[in-house]
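Encoded as structure tokens, the structure appears first; notes follow it.
Read the figures in this text as sums done on the coordinates, not as results from a lab. Source: prediction; values computed, not measured. Methodologically, a virtual Cβ is constructed for each residue, glycine included, from the backbone with ideal geometry; neighbour enumeration extends over all protein chains shown.
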Amino acid sequence: MLTGRSIVSVVDDDESVRESLPDLLWELGFAAHAFSSAEEFLASDYVDKTRCLVLDIAMPGMTGPDLQRELKLRRKEIPIVFITAHRDETVRPRVLEQGAVECLFKPFSERALVEALNAALRVS
Amino acid sequence: MADVSHEDSVDNAVGTATATQSPSTQALSRVEPAQSETSLFSGESVLNILKLIFAGAPLPDVLTIIARLVEAEGKGMFCTIWLLDEDGSYVRCATAPSLPGFTANWDRTPVGPTGACCGTAVYRREPVYVTDVLSDPLWDGYRHLVLPYGIRAVWAQPLLSSEGKVLGTFSILYREARGPSTADLQMIENASHIVGIALERHMKEKELRRSEAFLAEGQRLSRTGSFSWRVATGEITWSEELYRIFEFDRDVPVTLELIGSRVHPEDIPLLNDMIDRARDNGSDFEYEHRLQMSNHSVKYLHMVGHGRRDGDGRLVYIGAAQDVTERRLSEETLGRVRSELAHVARVTSLGALTASIAHEVSQPLSGIITNACTCLRMLAADPPNVDGARETARRTIRDGDRASEVITRLRALFSKKEGTIESVDLNEATREVIALSLSELQRNRVILRTELASDLPVVTGDRVQLQQVILNLLRNASEALSAVDDRPRKLLISTERDEGDRVRLTVQDAGIGFDPQAAERLFEAFYTTKNEGMGMGLSISRSIIERHHGRLWAAANDGPGAMFSFSIPRGPEGVTGARSLGNIRTPAAEDSGRAMGDPC
């Protein structure tokens, strides 16, 4: 019954994001799963199932860009949409250059999120 | 040093004294033995020689004249005068006026037990009378020097200084073998005495010239000149170095007008202020001002003057002026770098603070928006997912609370530094602030005057915060003055007792002033009349003064400029607890909670 939904994984150390974003993603028609760290995501079987990764940049331990590099090393080509509360303008071009689909600054609008996800799914 | 050496002066002058006489010698030619009856020992001759000596006639000339006077005393008598080298190992013939070529052939004799008459007399420190040089062994090796002149007898008398130091010899030579008579001995004794006076005088002058040369060298090395100034007559005396610093000709008489012509036009008020104050009360002064040289280069001068009264009660200043251009220029560079650094530090810390606030607030805001969007979608579904919507609304509220906690934490952070309540001597606190700002004030060419009431009671309050207020008022005044070029940049800080057991501090400047209608707006945050600056200073200053239960206000001067004053109660009951003192409003804390537009 849920086979039509694309799986979107959310990796963020902020609990309110892990709580709220999957619900919105579900309302938007995706199947979502949240992880509190990059390490937790890598250890799960979602690495192979995920169609799109919504990834926080600054996290304790492995950061978002660290995970991006790690996935590249493992040849897992999951499209990534970065989200960050640090409005550092130099970060965005850096992660986009590394192949990310989009980088959204928190708080982001629903429309910006949908557009980024659509772009990511087109890539995959 | 420019001083010629002992030997040179003697040798040169001996040559010239016999051939061409120097002007001073000619002027005093009446000392010369015109007639043989003129006795060396006549009061008039001695007096004239002494006059010659004290008029500063060249030593070789004086010695030659004395030698001639002595020679005039007796027929067939020759006179030579020998001077000891500075290292004491040789005597040199300074004059032998009637023995042509003598000094050229016999320039020196070593001091020792067998050094003819002159070298031996110095060695023995006693007279040596040789009745016949042909037979006396003291003359072995020297006879050929005197025989061509037919000299047979030589008597040498050591010349002693008043301290008993041997300076040379006074020698009498004869063409016949003979010893001295009692009259000869008396004559030699008297002549030696006069020569001794001439030598001592010469040495003292040399010593003085040497010490003056040392002083001049010291002044040149340290670029410091000295001066004296008789205030009543306007008579000014400068040392050579001061002429060099001002680049004036040594012959030009120094006047205040002349000095004024070199002082940088912008610093003329500073000079006038200094002169007025010196004339008024004769107090010591210390100033730094600039000179503008004829090639338009600028020099910085540090000047100190000490006023004292002479015997007749007239005011005389003695002072020193140092050229501190190099130091000042490097200080200015340093100051510029420092203020740029401070600015960068302020901007970066503000930037870092903003980023941190933005991050802290963005996180819950992000949750609020996501939840609200989800909520709307759940309610819009058919059928509406009311339970889900309720849950997302609950999360929205929770994130809203979180954002407000961030604001509370920020407020706490800003008021973290608690005020310290203590007894504060406002005069002392003011002096400290002035000391801190002195180089900045001097750079702005501000003439600072203080009128701190000596009977000012101590107040109770936070010393550091009150000093921040004073510093802020002082800086504002200094900046308001920096645009002023047509009048002295005067700044007055005064303290006084105020009505109702209060203490008042006033900072008054002759700067650009402010629009009277804007007097109250001055204290609003972000209001500024300056190109640089955030407009925070006066707003924060007023908060601090209000925490001290005082008042801070601005008023326009009668003349140009503005006056800022605060008045605070001195008693401890006037101030609330330390907690409330520390809780100064900061605009950053107030403005950080502004809502954002709906991004959905």
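List of remarks:
- Estimated FRET transfer efficiency (A:Asp88, B:Ser89; beta-carbon r; R0 60 Å; 0.05): 0.10
- Qualifying aspartates and glutamates (Cα of each under 14 Å from Cα of A:Lys72; at least 8 residues distant if same chain): A:Asp48, A:Glu97
- Model label points for B:Asp455 and B:Lys165, set 7 angstrom from Cα along the Cα-to-Cβ axis, are 6.4 nm apart.
- Most to least packed among B:280-290, A:97-107, B:326-336 [average Cβ atoms within 10 Å]: A:97-107, B:280-290, B:326-336
- Out-of-range pairs (alpha-carbon distance over 31 Å; input B:Lys75/B:Lys206; A:Lys76/A:Lys106; B:Lys204/B:Lys299; B:Lys299/B:Lys490): B:Lys75/B:Lys206; B:Lys204/B:Lys299
- Here the label points at A:Leu96 and B:Asp515, each 7 Å from Cα along the C-beta direction, are separated by 4.4 nm in the simple model.
- Theoretical ellipticity at 222 nm over chain A - DSSP helices of four or more residues, -39500 (n - 2.57) apiece, nearest 500: -12500 deg cm²/dmol
- Ordering of B:227-235, B:368-376 by packing [mean C-beta count within 10 Å, highest first]: B:368-376, B:227-235
- Summarising the label geometry, the points placed 7 Å from Cα in the beta-carbon direction at B:Asn190 and B:Val304 lie 5.6 nm from one another.
- Here the residues B:Ile49, B:Ile512, ranked from fewest to most Cβ neighbours within 10 Å of their Cβ, fall in the order B:Ile512, B:Ile49.
- Average beta-carbon neighbours from other chains, 10 Å sphere, peptide A:7-19: 3
- Projected onto its three principal axes, the C-alpha set of chain A covers 42, 31, 28 Å, listed from the longest axis down.
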